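For reference, the structure discussed in these notes is given below.
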Amino acid sequence: MLEWFKEIFPVEAFGPLIGGVLLWFGLNFIFLAPSVIVPRLAERYYAPACVATVTAGRANFIKTVQEDEAAYKAKLTDWIVEQTAESKRQVGGVLGQIFGAYGQEGRDLMSAYGDQFADFSNKVGGQALGPLQLKAQEALTEWQGKKQSEIAAMRAQQKYADPASFCGCNISAAMSNNVELALYTSSLRMFKPKGVIDLENGRVFEAECGTAPVV
C-alpha cells in the first residue's frame, strides 16, 4: 500500500518543493510580513486612506453641527418675528374692541386717529421684543448645552484624539494575526485575511481602538 502511494505521489520529488514553501512561509512569518511588507503597505496605503477618512469625517461633523446651530438660530429668529407681530395684532385688537364699543363715534375716532393708534400698537407690541429675545437666548443656550453633552458622550467612546494615532491602532488591530499575515504576504497577497478585508471596508475596531475621533 505504501509503495503504491509512493509511486503515485513521489515524496522525494515533492520534498524540496514542500521544504521551499515552508521556508518561504517561515521567512514571511518571522521577518518579511511583520517587519517589511506589512509596515510598508500600512505606510503607503492603509494609513493615508484611514487618516483621510477620519479627517473628512471630522470636517463633516463640524459642518453638520454648524448647520444645525444656524438652522436653530433661524428658527428662533422666525419665532421672535412671529411673536412680536402677534403682540402688535393683540394690542390693535384690544384698541379696536374698546373703540368699537362706542359705535359710530368710536369708529370715527379710530378713522381719524388710525395712524397714531397704529403707532401705539406697534410701540406697545414691540415692547415684547426684549423678553422674546431673552427667551430665545435661553433656548439657544440650552440647545448648545445639550449638543456639548452629546459631543462629550461621543468623545468618551474615543481612545485616541488624533486621526494618526487612531489609524495606527486600527491598522494594528486589523493585522494582529501573524499567521494570516504570513499567508497574505507569502501568497503575494492572493490570500487576503478577514482583518485586512475589514480594514479596507472601513471597519473600526472599537474594542481595541475605540470609535473614530471625529469630534
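The values are calculated or read from the model by the stated rules, or taken from the named source; none is laboratory data. Because the structure is a prediction, the values reported are computed rather than measured. Cβ sites come from the backbone with ideal geometry, for glycine too, and all protein chains shown count toward neighbours. The area values use the complete protein model at the heavy-atom level, side chains included, leaving out ligands, DNA and RNA. Shrake-Rupley method; radii C 1.70, N 1.55, O 1.52, S 1.80 Å.
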**OP:** Please work out if Gln144 is within 30 Å of Leu76 (Cα to Cα) and within 25 Å of the chain's Cα centre (by Cα).
**Re:** yes
Original post:
Restricting attention to region 61-73, and to residues there that are in contact (Cβ under 8 Å) with a residue 24 or more places away in the chain and either within 18 Å of Pro213 (Cα to Cα) or outside any helix (DSSP H, G or I) (or both), which single residue is most open to solvent (accessible area, probe 1.4 Å)?
Top reply: Phe61
Subject >> Any chance Ala56 is within 30 Å of Gly195 (Cβ to Cβ) and at pLDDT 75 or above >> reply: yes
Original post:
Name the helices (runs of 4 or more DSSP H) wholly within region 141-215 that hold at least 2 residues that are of a type in the set (Ser, Thr, Tyr), open to solvent by less than 30 Å² (accessible area, probe 1.4 Å) and out of contact with any His (no Cβ under 8 Å at 6 or more places or on another chain)?
Top reply: 178-186
Subject >> First in region 74-90 and part of a helix (DSSP H, G or I), second anywhere and modelled with pLDDT of 85 or more, Cβ under 7 Å, 6 or more apart >> reply: Leu76/Ala136; Leu76/Ala139; Leu76/Leu140; Trp79/Ala136; Ile80/Ala136
